[in-house]
Structures are given as structure tokens and as C-alpha cells.
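The values are calculated or read from the model by the stated rules, or taken from the named source; none is laboratory data. Worth saying up front: this structure is predicted, and the values here are computed from it rather than measured. Cβ placement follows ideal geometry from the backbone for every residue including glycine, while neighbour counts extend to all protein chains displayed.
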Amino acid sequence: MIFLIEFDRAAHRILRFEHFDDAQREVAVKRRLALEIETATAKLDHEVVLLEAADEKQIRQTHRRYFKSVEDLVADFDEAEAK
Amino acid sequence: MRRRSGVIQRENPSSLASGAAPAQDASLVASKSLVDRLGERLRRAAATEADLRTLDEYRSSFDEAYRSVITTIREKLHKRPSGRPRKTTDSIVAKLKRETIRLSQMQDIAGCRLIVADVREQDRLVDDLKRLFPEHTVIDRRRHPSHGYRAVHVIAEVQGKPVEIQVRTRLQDLWAQLCEVRSDEIDKDLKYGGGPTEERRDLDTLSQLVYHVEIGKLKHSRLKTAGRELLMLFTKR
């Protein structure tokens, strides 16, 4: 699956989170560029990124910074068992 | 200039000896200069719509190599990498401003990430990736981190294009994610060794603890305590 994220870094907030099937790759690519041009024209400091993973759960694990607070991440340290 | 460093091993010295992108034919060399001129414009001023479109076109030239790397990892190693097919414009511009690197030299325009349980699994996976992609560069930042960042990056060269494969343990990844969030909240330079001294020191301390836990010199419980202490400091600031 492909995920389009528009992220407000300063506010640490996801403004847009869209899913695309693998077959819609070109649509996702065009959508990302259009959104980037839109935010740049409006002089908004937003990150616009395409990510790809097997499912949403995976993207929430490998790219936690978009989804989690500092408190959540510190709690994750508690749970991670280093062996 | 702040650059992420690390222990670098190259398996294709002929094409990667300079640390730059591999040599290309004449037509690509010509387009390379166009790419670098675009990079210079992005370094100096806010991107125009035309520049954003040109940059995306350049990024798309890595798509085929990226797809090949993802498919190979899935099929041969039965792993599920998370991919970032095209480096964000923000990250590209920040790197151009921070370093002396040219746009055409960036090795991480396309990339993916694999998270593993521990350093032993990390070593095994890196070895597998080296075998799978015979032309590669390995950047090992575990013992010598870059501003606290620890991981192993394998830069696979496929179809003449570099694709960065980040291999992180869970703890290395958690530290990196925490650093990203604090960089967003406090100062973008934190990731690159800048930002407030106290914040920098605390992140460095946590990174060292991660390292010592991973090599078996400290118990994981010490990391839990440190995490809680750090959170208290963060919330006070």
C-alpha cells in the first residue's frame, strides 16, 4: 500500500493521510506533487511525503514520528526488549 | 558543515571510490549538470513550481531501481521493508543547505527501512543485503554514531542508481524517531548535532545507553529508567 502524508512539523500533526493501492502508484505520485506545489505556493511549512508498506500497521511502526508523541515514544522504550 | 558519518565499507571501488554517484554516459553527464543547477537554485531560494516539477522528474529516475530493491528484498529475504520512494523536498533542500553535497551526488533519493530485533539480527540482515546487492556501500554508524544516530545503511547500487536501505534495531529506531520528534518540536538542527546544548546532551546520553544495552554492557531496565527521566526533563522544558 502507498500512503500520502501531509505533516505539519511545528504542530506535530498529520493534516492529511490518504491510502492508495499499489496499482494507483501514478495517481499517488501526481497527488503528492500537486499537494506539494499547493503548500509551497501558500508558503506553508508542511512535509508532503509518500511512504510504502504492507499495511497501515507497519507504517505506524516504522515511521512512528508522524503518529506518536514524545510520551508515546518513551513508553515504547519501556516495551522494547533488547536481548 | 555537518555530515552524518560512519564506518564505510565499499564493495564496488571502481564506481564508488569518490563517494559520489557512479560514472554515467555522456548524455547523463549533461543532465547531471542540469540536476546540479537545480540543486543550486534550491539551495539558494524557495523552490518555484517549475523547480518542484523538475525535482520530481529527477526523483522519478530512481523509481525503477527502488522497485527492484523492494521486490528483491521481499522475494529473496521474505522481509517487508517500508519504502520511501522519493526523498522529500524538505529533506533534500535541508541537506543541500547543510552540506556541500551536490544534488546529483545524493545517495538517498530513494530508500527503504527494515527494523530488526537486535544487533545480531542486524548483522545477519546486513550480510544478506551485501550478498543480494553485490555493488554496495555499507555505512555502519553503530559504534561511531552520527550526532547520536545509530544504524547500518546499505547503499545498493542497482541499474546505476543508489538506493539506501536503512537497517535499524528497534532501540536504534526508537531513538531516531524520538530525535525526529524533538527536532520538530525544538530545533530542526538537533538531528545534525545542533540545537540547545541540554537537549543535545540528553539525546546523546540516551543514544549511548542504547548502545551499551545493545552490546550487553547495561540492562534494559536502565534504559527504561533513563527514558522516564528524559521525559520528565523534556516536559519541564
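Observations, loosely collected:
- Residue count for the stretch A:46-66, restricted to those that are more than 7 Å from every other protein chain (Cβ to nearest Cβ), surrounded by fewer than 18 Cβ atoms within 10 Å (Cβ to Cβ) and in contact (Cβ under 8 Å) with a residue 40 or more places away in the chain: 2
Yes/no matrix, rows are residues, columns are (1) at pLDDT below 95; (2) in contact with a helix residue (DSSP H, G or I) (Cβ under 6 Å, 6 or more places away or on another chain); (3) assigned to a helix (DSSP H, G or I); (4) among the hydroxyl-bearing types (S, T, Y):
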residue	(1), (2), (3), (4)
B:L178	yes, yes, yes, no
B:R200	yes, no, yes, no
B:T205	yes, no, yes, yes
B:K217	yes, no, no, no
B:S221	yes, no, yes, yes
B:A226	yes, yes, yes, no
B:M232	yes, no, yes, no
B:T235	yes, no, yes, yes
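- Scan of the stretch B:173-189 for residues that are touching a residue at least 40 places away in the same chain (Cβ under 8 Å) and surrounded by 19 or more Cβ atoms within 10 Å (Cβ to Cβ), ordered by number: B:D173, B:R182
- Residue match in the stretch B:211-230 (condition: in contact (Cβ under 8 Å) with a residue 24 or more places away in the chain and more than 27 Å from B:V138 (Cα to Cα)): yes
- Leading residue by the ranking (nearest to the other protein chains (Cβ to nearest Cβ)) among those in the stretch B:70-95 that are assigned to a helix (DSSP H, G or I) and either without any contact (Cβ under 8 Å) to a residue 40 or more places away in the chain or within 12 Å of B:R113 (Cβ to Cβ) (or both): B:D90
- Residues in the stretch B:190-210 that are more than 22 Å from B:K95 (Cβ to Cβ) and surrounded by 20 or more Cβ atoms within 10 Å (Cβ to Cβ): B:L206, B:L209, B:V210.
- All positions within the stretch B:40-68 that are within 13 Å of chain A (Cβ to nearest Cβ), closer than 20 Å to B:V126 by Cα and more than 16 Å from the chain's Cα centre (by Cα): B:R67
- Checked against (1) out of contact with any Ser or Thr (no Cβ under 7 Å at 6 or more places or on another chain); (2) within 11 Å of chain A (Cβ to nearest Cβ), B:I165 passes all but a single condition, namely (2).
- For the stretch A:3-19, the criterion of a residue being facing chain B (nearest Cβ under 10 Å), under 12 Å from the mean Cα position of the chain (by Cα), buried (at least 19 other Cβ atoms within 10 Å of the Cβ) and of a type in the set (D, E, K, R) is satisfied by no position.
- Taken over the stretch A:33-45, the criterion of being within 16 Å of B:D56 (Cβ to Cβ) and more than 8 Å from chain B (Cβ to nearest Cβ) is satisfied by A:A34, A:L35, A:E38, A:T39.
- For the stretch A:49-75, filtering for residues that are closer than 14 Å to B:L52 by Cα and either out of contact with any Phe, Trp or Tyr (no Cβ under 8 Å at 6 or more places or on another chain) or at pLDDT below 95 (or both) leaves 0.
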